[in-house]
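Would you mind keeping the following structure in view while I ask a few things?
The values are calculated or read from the model by the stated rules, or taken from the named source; none is laboratory data. Small disclaimer: the values here were computed from a predicted structure and weren't measured. Virtual Cβ from ideal backbone geometry, glycine too; neighbours counted across all protein chains shown. Accessible surface areas use protein heavy atoms only, side chains included; no ligands, DNA or RNA. Shrake-Rupley method; radii C 1.70, N 1.55, O 1.52, S 1.80 Å.
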Amino acid sequence: MSPYTLSMLMSSLAVGTITTLSSYHWFLAWMGLEINTLAIIPLMTKMHHPRATESATKYFLTQATASALILFSTIMNAWMTGEWTIVNMNHDTSTTILTIALAIKLGVAPFHLWLPDVLQGLNMMTCLILSTWQKLAPMALLILTSHQLNTNLLIMMALMSMIVGGWGGLNQTQMRKIMAYSSLAHLGWMVMIVPFAPNLALLNLLVYIILTSSMFMTLMALNSTSMNKLSTSWLKTPTLAAFTMIVLMALGGLPPTSGFLPKWLILQEMTKQHLNMLSVTMAMSALLSLFFYLRLSYTISMTSPPHISNSNLNWREKNNLQTIPVMIMLSMMMMPMTPALLVMN
């Protein structure tokens with residue numbers, strides 16, 4: 001792809017997200033979401049492979065459906081109440097349709113089936129954009145309208161996302177599908193806390209973006225798309241493989257990594273709301289995700305190829321690794337900084 005085309009598409013992605021984040025009117029927010037969708041589709045199809053075309057088609061159809069539902073719900077709300085502003089969604093049917101539309105946009109269960117298949121057909125950089133940047137605009141709309149959405153519906157979808165994200169990743173061997181189910185489980189934690197403490201949902205989103213970016217960057221550096229390829233990473237770059245294990249533990253939410261911080265604060269807030277059984281279920285569902293992160297760590301550190309391959313194995317492969325140490329340090333250091341963050345809050 002031409003650098004000029006790529007820069008134009010990346011600029012369009014930024015403009016679409018910023019338009020949605022800064023809008024006060026529903027039509028402008030919808031327009032930003034549309035710019036986002038149309039800008040990423042050429043990035044998805046740049047590989048000229050049938051799987052990439054299939055992924056782009058699935059993504060376009062699901063996002064178009066979600067956008068149509070958002071437009072329908074906002075028009076219905078304007079018709080009933082005469083209000084187009086984002087913070088004034090007062091009609092019950094409109095808010096229910098909007099909740100479902102934003103769940104489709106984000107890939108929250110039970111509207112998650114497109115996410116693993118779409119990610120599996122893309123290259124790692126596009127997967128990174130789809131898993132991080134593309135979540136910002138819908139999550140911002142979810143947080144802005146959180147005080148008006150159906151709380152029971154959000155809790156049901158969030159709990160289903162955590163369980164499906166944990167169960168779905170257990171049987172996967174492809175790294176992109178594992179990261180898709182990991183994204184689904186993390187989205188469940190974010191959506192769960194949105195009705196009770198939107199600021200914690202923002203913190204969880206920040207930590208999720210840092211950890212997911214770190215993981216995709218290390219996978220790109222190791223050139224690993226499956227667990228079999230990941231098992232040779234210790235031979236190529238031992239230091240990076242060791243740091244990859246730390247990022248995996250952070251994704252699983254083990255202390256003292258950054259991934260434990262939002263889970264701890266979310267469970268604390270849920271118990272303050274006297275939702276004890278729900279908190280226990282959330283903690284148990286996190287163990288499912290932790291299992292496949294531990295399995296990946298085991299694959300990296302304790303397995304090696306059974307014989308020397310006939311192909312040329314890159315020894316101490318040179319990669320562009322300048323940004324990876326920064327992301328990995330953020331993956332490790334936010335948890336020790338928690339007391340300072342709580343005092344500032």
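Considering only protein heavy atoms and a probe of 1.4 Å, how much of the accessible area of the chain is carbon and sulfur, as a whole percent?
Roughly 69 percent, rounded to a whole number.
How much length is gained on full extension from Met277 to Asn88, taking 0.36 nm per residue of separation minus their Cα-Cα distance?
That works out to 64.8 nm of additional length.
If the chain between Leu153 and Ile41 were fully stretched, how many nm would it gain, using 0.36 nm times the residue separation less the Cα-Cα distance?
37.3 nm
Can you give the extra length, in nm with one decimal, that the chain gains between Ile143 and Trp79 once fully stretched, where that is 0.36 nm per residue apart less the Cα-Cα distance?
Difference between extended and current length: 20.7 nm.
For every other residue with a beta carbon closer than 15 angstrom to the beta carbon of Phe196, add +1 if it is Lys or Arg and -1 if Asp or Glu, then tell me the sum.
Spelling it out: positives minus negatives among the neighbours equals +1.
Using label points projected 7 Å from each Cα along Cα→Cβ, tell me how many nm separate Ile246 and Trp167, to one decimal.
So the two model labels end up 3.6 nm from each other.
Sorted from largest down, what three extents in whole angstroms do the Cα atoms of the range 30-143 have along their principal axes?
Sorted largest first, the three principal extents are 47, 25, 20 Å.
Please report, largest first and rounded to whole Å, the three semi-axes of the ellipsoid equivalent to the chain, where each semi-axis is the square root of five times an eigenvalue of the C-alpha gyration tensor.
34, 25, 17
What's the FRET efficiency of Trp264 with His48 using the Cβ-Cβ distance as r and R₀ = 45 Å, to the nearest 0.05?
About 0.50, to the nearest 0.05.
Within 10 Å, count the other beta carbons around each residue, average over each peptide in 129-137, 284-292, and list them highest first.
129-137, 284-292
If you take the beta carbon distance between Asn123 and Phe72 as r and set R0 to 25 Å, what does 1/(1 + (r/R0)^6) give as a FRET efficiency, to the nearest 0.05?
Computed FRET efficiency for Asn123 and Phe72: 0.15.
Quick test of the membrane-span-like rule: which DSSP H helices of the chain reach at least 24 Å along their long axis (C-alpha atoms) with mean Kyte hydropathy at least 1.6?
198-222
Right, another one. What does the charge count around Leu211 come to, taking other residues whose C-beta lies under 15 Å from its C-beta (Lys +1, Arg +1, Asp -1, Glu -1)?
Net local charge, Leu211 excluded: +2.
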